Amino acid sequence: MGRLCYGKDENGDPLSIEALQDNLVLMLFAGHDTTYASLGSVLRYLSLYPEMHAELEKEAISFRDPLDFDELKNAPVMTAFLTEMWRMDPPVARAQRMLLNDVEFSGFTVKKGMHLLYSCHGALENEETYASPYTFDIQRFLPNNHPLLLDPKIRSDSNKVSATYPVFGGGSRMCVGNHFAKLELRLFLTRLLQKYELVVRNSEKVHFPVGGWKNEF
């Protein structure tokens, strides 16, 4: 908020009251609603896959205390689980971009200045990129040498987090809070696995205002 209030635009002028209001509303929506939706999806997939739950618990219990940021960030099973969870249930279903140049795509010419709406689900459920896209499988995001990577056919998908994974946007308009959101989820998941036994019931898919799962637990 400090950066917004005291920041300046490309001409060196402070942001207008209207611009501040728009950015604060965006921050509340993008930074809060998407995170609580992701928490619901975490609970849902933990309850569906007890063997994966056990592997995550084993990894979380092995962490040093106090928790170390680099260890959390580089935890392979947790990283794969969260990445696949967001692939299956991205909190934001679509976004838009304005073209800075003319683009040729599949025989069509799209002109500079046009606004394009793209579907996150369309990219994340593309069978050319993700084999069996409607199946929850953390193997597709595990390191190639990880012992839990049992299916050699999935190796080509490993670590494919790029333009084909627009959960946090991309390019110069990448979500400014994506690293913070990932850290929040890692901390939540770690302490949940270390200190609690989890029972989830009556899960309900939610599509609006953000995508995720509503659970009793």
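Screening region 152-167 for residues that are at pLDDT 65 or above and aliphatic (A, V, I, L, M) and picking the one that is nearest to residue 93 (Cα to Cα) gives 167. Exactly one residue out of 143, 91, 76 is in contact with a Gly (Cβ under 8 Å, 6 or more places away or on another chain) and either among the aromatic types (Phe, Trp, Tyr) or in contact (Cβ under 8 Å) with a residue 40 or more places away in the chain (or both), and it is 91. Within region 51-90, the set of residues being buried (at least 17 other Cβ atoms within 10 Å of the Cβ) and either among the small types (Gly, Ala, Ser) or within 15 Å of residue 184 (Cα to Cα) (or both) comprises 60, 72, 75, 78, 79, 80, 81, 82, 83, 85, 86. Pairs are defined by a Cβ separation below 9 Å, a sequence spacing of at least 6 or placement on different chains, a first member in region 59-72 that is modelled with pLDDT of 95 or more, and a second member that is among the basic types (Lys, Arg) and part of a loop (DSSP other than H, G, I, E, B); the pairs so defined are 71/64.
Residues that are farther than 11 Å from residue 72 by Cβ, hydrophobic (A, V, I, L, M, F, W, C) and assigned to a helix (DSSP H, G or I) within region 176-187 comprise 180, 181, listed in sequence order.
Only a single criterion out of (1) free of Cβ contacts under 8 Å to residues at least 40 places away in the same chain; (2) open to solvent by 50 Å² or more (accessible area, probe 1.4 Å); (3) part of a helix (DSSP H, G or I); (4) not charged (D, E, K, R) is not satisfied by residue 194, namely (1). Within the option set 186, 140, 201, being of a type in the set (Lys, Arg), closer than 23 Å to residue 69 by Cβ and modelled with pLDDT of 90 or more holds for one residue only, 186. If the condition is being within 23 Å of residue 174 (Cβ to Cβ), free of Cβ contacts under 8 Å to residues at least 24 places away in the same chain, in a helix (DSSP H, G or I) and of a type outside the set (S, T, N, Q), then region 7-27 contributes 19, 20, 22, 24, 25, 26.
Looking across region 1-46, the residues that are touching a strand residue (DSSP E or B) at 6+ places or on another chain (Cβ under 7 Å) and open to solvent by 30 Å² or more (accessible area, probe 1.4 Å) come down to 8, 14, 44.
The values are calculated or read from the model by the stated rules, or taken from the named source; none is laboratory data. These numbers come from a predicted model, not from an experiment. Cβ atoms come from the backbone with ideal geometry, glycine included; neighbour counts cover every protein chain shown. Side chains included, ligands, DNA and RNA excluded: accessible areas come from the protein's heavy atoms. Shrake-Rupley method; radii C 1.70, N 1.55, O 1.52, S 1.80 Å.
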